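Here you go, one structure.
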Amino acid sequence: MKIPATVITGFLGAGKTTLIRTLMENAKGTRFGLVVNEFGDMGFDGQMLSGCLDPDCDGGVVELTNGCLCCTVADDFVPALEALIGRDTPPDRIIIETSGLALPQPLVAAFNWPGIKTQVTVDGVVTVVDSAAVAAGRFAHDHDKLDAQRLADEGLDHESPLEELFEDQLTAADLIILNKADLISAGDLEGVRAGILGHMSRKPVFVEARQGEVAPEVLLGLGIGTEDDIANR
């Protein structure tokens, strides 16, 4: 049986970190494999990594006291996945946080890589949207910080305008989290939803959220198999 993987994307400040933290705190009894770009970028240093059982382990793989496995993916995504699924006790589920500037489709396509496709499937792509920022005509709360992230990312191999990146993140989504919904009016939130649908031919599921609080049963078990549906993204 393939391990289900959830890909979580969204711009800097949209609420990806909080969403993942909330998921891991509430999905009790699940052994997660967590793939992130950098621990520091995700805010997983400090308190969360203080429970690391083996802080000097090789390969960027860290096992936490809560059973979570973390793997940095600064260099290559496929080896990071292989490091997780190749463990003596593989995770029950894998959560992948993309960089806010990453194009989701190439990452999803990597799940068709030989050796990965037979063991892991993309349960779904989740895009987290800063609803308050979008309602104000922006893609992120702090565009200056987003531009700084772009300049600091030496591995970034594309210079797409923010609008195109945002559209790519939406187009790839199976589930769109309208985060920070409590910060704007119901009318503005509906305007955000309508604006997003205007960019898409498919109709993904929308979920409204505040402070990244979404129940695990909403995020997990989508069963999409997105790697087999790239042509529609």
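Would you please give the residues with an amide H less than 5 Å from that of L34, counting only those at least 5 places away or on a separate chain, with H modeled from the backbone geometry?
L69, C70, C71, I95
Could I ask something else about it? Assuming R0 = 45 Å, can you tell me the calculated FRET efficiency for the pair E167 and D88, based on Cβ-Cβ distance, to the nearest 0.05?
On the way: r = 42 Å, r/R0 = 0.93.
Plugging the Cβ-Cβ distance into 1/(1 + (r/R0)^6) gives 0.60.
Hey, another quick one. How big, in percent, is the set of alpha carbon pairs in the range 72-142 lying more than 18 Å apart?
Numbers: 1200 of 2485 pairs.
Roughly 48 percent, once rounded to a whole number.
Further question: I'd like the FRET efficiency for E190 and V78, computed as 1/(1 + (r/R0)^6) with the beta carbon distance as r and R0 of 41 Å, rounded to 0.05.
0.50
Right, here's the next one. So, taking all protein chains as they sit and a 1.4 Å probe, how much accessible area belongs to F166, in Å² rounded to tens?
20 Å²
Shifting gears a bit: Between R210 and A136, 0.36 nm times their residue separation minus their Cα-Cα distance comes to what?
Numbers: separation 74, 0.36 × 74 = 26.64 nm, distance 1.71 nm.
Contour length minus the Cα-Cα distance gives 24.9 nm.
State the percentage of accessible surface on the range 172-226 attributable to carbon and sulfur atoms; use a 1.4 Å probe and exclude ligands, DNA and RNA.
On the way: 1360 of 2700 Å².
Its accessible area is 50 percent carbon and sulfur atoms.
Please give the FRET efficiency for D182 paired with T30, using the beta carbon to beta carbon distance and R0 = 30 Å, rounded to the nearest 0.05. Display every interim value, and only then the final one.
Numbers: r = 28 Å, r/R0 = 0.92.
Once the sixth-power term is evaluated, E becomes 0.65.
Oh, and also: Quick one: how many Å² of S131 are accessible to a 1.4 Å probe, rounded to 10?
0 Å²
Something else now. Whole number in Å², please: accessible area per residue of the range 187-231, 1.4 Å probe, ligands, DNA and RNA not counted.
Numbers: 2570 Å² over 45 residues.
About 57 Å² of surface per residue is accessible.
The values are calculated or read from the model by the stated rules, or taken from the named source; none is laboratory data. Note that the structure is predicted; figures quoted are calculated from it, not measured. As a convention, Cβ positions derive from the backbone with ideal geometry for all residues, glycine included, and neighbour counts pool all protein chains shown. When the accessible area is computed, the model is the full protein with side chains, heavy atoms only, and any ligands, DNA or RNA have been set aside. Shrake-Rupley method; radii C 1.70, N 1.55, O 1.52, S 1.80 Å.
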